[in-house]
1. Determine, from the Cβ-Cβ distance of Ala200 and Glu21 and an R0 of 35 Å, the FRET efficiency 1/(1 + (r/R0)^6), rounded to the nearest 0.05.
2. Using a basic spin-label model with each label point 7 Å from the Cα along Cα→Cβ, how many nm lie between Ala250 and Lys106?
3. Under 18 Å from a label point 7 Å along Cα→Cβ of Met148: give me every residue in the stretch 95-118 with its amide N that close.
4. Hey, what's the stretch 124-245 come to in accessible area per residue, 1.4 Å probe, Å²?
5. Rounded to a whole number, what % of the accessible area of the chain do carbon and sulfur atoms account for, probe 1.4 Å?
6. For the stretch 150-250, which trypsin sites (Lys or Arg not before Pro) are both in a DSSP coil and crowded by at most 15 other Cβ atoms within 10 Å?
7. Taking the Cα of Met12, stepping 7 Å toward and past its beta carbon, and measuring to each backbone N in the stretch 212-250: which are under 16 Å?
8. Considering only lysines 8 or more places apart in sequence, or on different chains, count the pairs in the chain whose C-alpha atoms sit under 15 Å apart.
Amino acid sequence: MRKPIIAGNWKMNKTPEEAAELRRALVPAVKDATCDVVVCVPAVCFGAVKAAAEGSNIRLGAQNVHFAPSGAYTGELSVGMLKACGVEYVVIGHSERRQYFGETDKTVNLRVKAAVAGGLIPILCVGELKDERESGYTDAIVEYQTRMALSGLTAEQVTNVVIAYEPVWAIGTGLTATDEQANETIGVIRKAIGRLYGAAVADAVRIQYGGSMNPGNVKGLMAQPEIDGGLIGGASLKAPDFTAVVRYDA
Ligand code: 13P
């Protein structure tokens, strides 16, 4: 059985003070969660978030990582730097990075490999654009992105990666993929993993849904057999909403 994993992606929101406040509210609210709980916060909030929930079941995540261990890469953060701050998970290949910051399947792969080699758990994002879904390319796109991102990893390493299926048209739009659409596309990703790494890996790897997931739709999505959790943007910024998502089965 795969343990569900629900992660908040705060994107470019919150100061350290606001972060500490949110996390303090979350700590008691999600302490009995049956899923893994992660918050992927801006780097300036790492310290505040870590301190506010020392000893809790909330794990710390980052939103990107560079693939070099150190060097002349102004503005970037390495795996070692993230780990030194207590980060355990890192979002890689988010569609906003692909769309606005020139992220490619190649650089996604470099980041995934560096994260895995350094002991961080990638939350690898894949997903199709609206046009691509409408033209019938969804399966081909998510398979290609997944295959490219994981290239060079061993089957054992892939088992530990978390994949987030985020249809780009559903992010921040209030449009959610239907339970069936999300389940079906995640099934496509799982089958692709099975072909590449074997049935046991496909069976073990956790695949989240992301895109306007909220307290109102989480239950239906999580009831789908292929969906192992969520990557939550907007609804992760308010403690009551994120709590309701994390406690979808309460
Ligand atoms: P929203 O939940 O705001 O649609 O964002 C989803 C997302 O991009 C999470 O990474």
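The values are calculated or read from the model by the stated rules, or taken from the named source; none is laboratory data. None of these values were measured; they are calculated from a predicted model. All Cβ positions, even for glycine, are placed from backbone atoms using ideal geometry, and neighbour counts span all protein chains on display. Accessible surface is based on the protein model in full, side chains and every heavy atom, while ligands, DNA and RNA are left aside. Shrake-Rupley method; radii C 1.70, N 1.55, O 1.52, S 1.80 Å.
1. For Ala200 and Glu21, the calculated efficiency is 0.25.
2. Result: 4.7 nm between the two label points.
3. 95-114, by backbone N distance to the label point.
4. Ligands and nucleic acids excluded, the figure is 41 Å² per residue.
5. Reported share for carbon and sulfur atoms: 54 percent.
6. Taking the stretch 150-250 and a limit of 15 other Cβ atoms within 10 Å, the loop trypsin sites (Lys or Arg not before Pro) found are Lys238.
7. Zone members listed by number: 234.
8. So the count of such lysine pairs works out to 4.
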